[in-house]
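**Q** Would you mind keeping the following structure in view while I ask a few things?
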Amino acid sequence: MPATSTARSRARERNSVLTRPEFMSLNHQPIRGASGPSESRGSSRRVGQIKHQTSQQSEEPTDSGSKDRKEPMKMPEEDCMQLNPSFKGIAMNSLLAIDICLSKRMGVCASTSSSWGGCRSMIGLLALTGHGITWIIGTIVCLTRSNTLAGQEVLVNLLLALILDVMTVAGVQRLVKRRGPWEMAPGFLDCIAMDVYSFPAAHASRAAMVSKFLLSHLVLAVPLRILLVLWAFLVGMSRVLLGKHHLTDMVCGFALGLLHFSLMETVWLSSSTCQTLISISTLSWSPFF
């Protein structure tokens, strides 16, 4: 009896303890088939959400970090390409720098305040002797006063060579569009002759072509031949002294003038063809009479 009474008293105490609010959850046993999987699914979903959020957070900085890494990786490569060009690029840039530096130093008559500013008018007059308008007008005047067939043949071919030189140089200048070392505005006669840009030098091309043409088709004494070559060189140099052209413009102009002479020699017009052109130009051509 006393054992049973003590057991009953212990059971009552246990039940009274379990009836307290803080211990009410202990009285409900979870259902293994229902609560277990739901809790596991909920926990798995929470874990998945947490993993997804953490993956997004981890991906965002990695993407931004990769972009930030790509951008600085590109910039040094571009800088390296600019700072370390090829040997050809280094050679071209060096030659251009030397050309610009020497051309600016040689532009001693670029303005009246230059070191040779007092000789500017004389150098300009020398350059005028190689101008395209001067030579075209002079050739037409000589052609109108020429009475021999040989003289007219030479003058007509010279006139065509001058027109070819003016058109070719103007076309190349329009394509290249290189400015002079002092970037001066072209004069009125330069605009008429379409000698607006610097490369190639039109005066140098014309002087080289005319001097070679006259040396080949006129019988001149040795002093005159030397003076003719010296004149062509001084005409090309005058444009550099005036600050209109670079040294490379003058050199390329001389080469282009010699090319024009060679081209004109290959398409040389005969005397009969020249007479036909003269008749057409003077409106006295009568092919049916």
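The values are calculated or read from the model by the stated rules, or taken from the named source; none is laboratory data. Everything quoted here is computed from the prediction, not taken from an experiment. With ideal geometry, Cβ positions are generated from the backbone for all residues, glycine too; neighbour counts draw on all protein chains shown. Just the protein is used for accessible areas: all its heavy atoms, side chains included, with ligands, DNA and RNA removed. Shrake-Rupley method; radii C 1.70, N 1.55, O 1.52, S 1.80 Å.
**Q** What accessible surface, in Å², does a 1.4 Å probe find on residue 199, ignoring ligands, DNA and RNA and rounding to the nearest 10?
**A** Estimated to the nearest 10 Å², residue 199 gives 50 Å².
**Q** At 0.36 nm per residue, and after removing the present C-alpha to C-alpha distance, how many nm does the segment from residue 150 to residue 283 gain when stretched out fully?
**A** 45.8 nm
**Q** What ³J(HN,Hα) values, in whole Hz, does the Karplus curve 6.51 cos²θ - 1.76 cosθ + 1.60 give for segment 166-175 when θ = phi - 60°, with x put for Gly and Pro?
**A** Running phi through 6.51 cos²θ - 1.76 cosθ + 1.60 with θ = phi - 60° gives 5, 5, 5, 5, 4, x, 5, 5, 5, 6 Hz.
**Q** Starting from the Cα of residue 137, step 7 Å along the direction of its Cβ; do the same at residue 175; then give the gap between the two resulting points in nm.
**A** 3.1 nm
**Q** For segment 209-219, take each phi angle, set θ = phi - 60°, evaluate the Karplus expression 6.51 cos²θ - 1.76 cosθ + 1.60, and give the result in whole Hz per residue in order, putting x for glycine and proline.
**A** Rounded to whole hertz, the list is 5, 5, 5, 5, 5, 5, 5, 8, 10, 10, 8.
**Q** Within 10 Å, count the other beta carbons around each residue, average over each peptide in 203-211, 235-243, and list them highest first.
**A** Numbers: 203-211: 28.6, 235-243: 24.3.
The peptides rank, most packed first, as 203-211, 235-243.
**Q** Still on this structure: How far is it, in nm, from the label point at residue 111 to the one at residue 229 when both lie 7 Å from their Cα along the line to the Cβ?
**A** In this crude label model, residue 111 to residue 229 measures out at 3.9 nm.
**Q** Which ³J(HN,Hα) values, rounded to whole Hz and listed in residue order, are derived for segment 247-262 from phi using the Karplus coefficients 6.51, -1.76 and 1.60 in 6.51 cos²θ - 1.76 cosθ + 1.60 with θ = phi - 60°, glycine and proline given as x?
**A** So the J values, rounded to whole Hz, are 5, 5, 5, 5, 5, 5, x, 4, 5, 5, x, 5, 5, 5, 5, 5.
**Q** Using modelled amide H (1.01 Å from N, peptide plane; none on Pro or chain starts), what sits under 5 Å from the amide H of residue 130, excluding residues fewer than 5 places away?
**A** none
**Q** Points 7 angstrom from Cα along the Cβ direction at residue 262 and residue 86: gap in nanometres?
**A** Placing both labels 7 Å along Cα→Cβ, they lie 2.7 nm apart.
**Q** If amide hydrogens are placed 1.01 Å from N in the peptide plane, which non-local residues have theirs closer than 5 Å to the one on residue 180?
**A** Correct list: 198.
**Q** Per 0.36 nm of contour for each residue apart, how much would the distance between residue 215 and residue 276 grow if the chain were fully extended, relative to their Cα-Cα spacing?
**A** Stretched out fully, the residue 215 to residue 276 stretch lengthens by 19.4 nm.
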